[in-house]
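Following: one structure in structure tokens, then a few remarks.
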Amino acid sequence: MYPGLTLEDKPRQYASRLDIEIEKFSINAGDVTPVYLQLAIQLQQGIEDGQFDCNKPLPSVYRCNRTLGLSRATVFRAYKYLNRSGMVQWKKGEGFFVQHKFKY
């Protein structure tokens, strides 16, 4: 939507609630914990804290890629990790959704 601009440069009304939630995430590339697992843990915490709504899409792989500066493969790996745990469901062509049983 705004090529070359960060969230701080965008008018606030265009930054969605999901953008605001994921821009709070902290990823440390120098940590012994793999980056995909750091992201998965923070997404899991957000789900448990109710920051992400049940049956609504999580931030897209592209959105996380752009907001956090991570590769799409890393973001997808984090989502697949949560999918295997049963916390999120992947709907092909639609994205990843919080499973109802994990909504607190």
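The values are calculated or read from the model by the stated rules, or taken from the named source; none is laboratory data. Note that the coordinates shown come from a computational prediction; the quantities given were computed from them, not determined experimentally. Glycine gets a Cβ as well: all are built from the backbone with ideal geometry, and neighbour counts include every protein chain shown.
Per-structure values
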quantity	calculated
Condition met for Tyr81 (in a helix (DSSP H, G or I), over 11 Å from the mean Cα position of the chain (by Cα), at pLDDT 90 or above and aromatic (Phe, Trp, Tyr))	yes
Count of segment 50-67 residues which are under 13 Å from Ala40 (Cα atoms) and in a helix (DSSP H, G or I)	2
First in segment 82-104 and polar (S, T, N, Q), second anywhere and modelled with pLDDT under 90, Cβ under 7 Å, 6 or more apart	Gln89/Gln99
Subset of segment 47-67 that is touching an Asp or Glu at 6+ places or on another chain (Cβ under 9 Å) and surrounded by 19 or more Cβ atoms within 10 Å (Cβ to Cβ) - its residue that is farthest from Ile27 (Cα to Cα)	Phe52
Unique residue being in a helix (DSSP H, G or I), more than 9 Å from the chain's Cα centre (by Cα) and at pLDDT below 80 when the list is Ile20, Ile47	Ile20
Among (1) in contact with a helix residue (DSSP H, G or I) (Cβ under 9 Å, 6 or more places away or on another chain); (2) at pLDDT 90 or above - the single one Phe97 does not satisfy	(1)
Close pairs from segment 44-63: first within 14 Å of Leu82 (Cα to Cα), partner aromatic (Phe, Trp, Tyr) and surrounded by fewer than 16 Cβ atoms within 10 Å (Cβ to Cβ), Cβ under 7 Å, at least 6 apart	Glu48/Tyr104
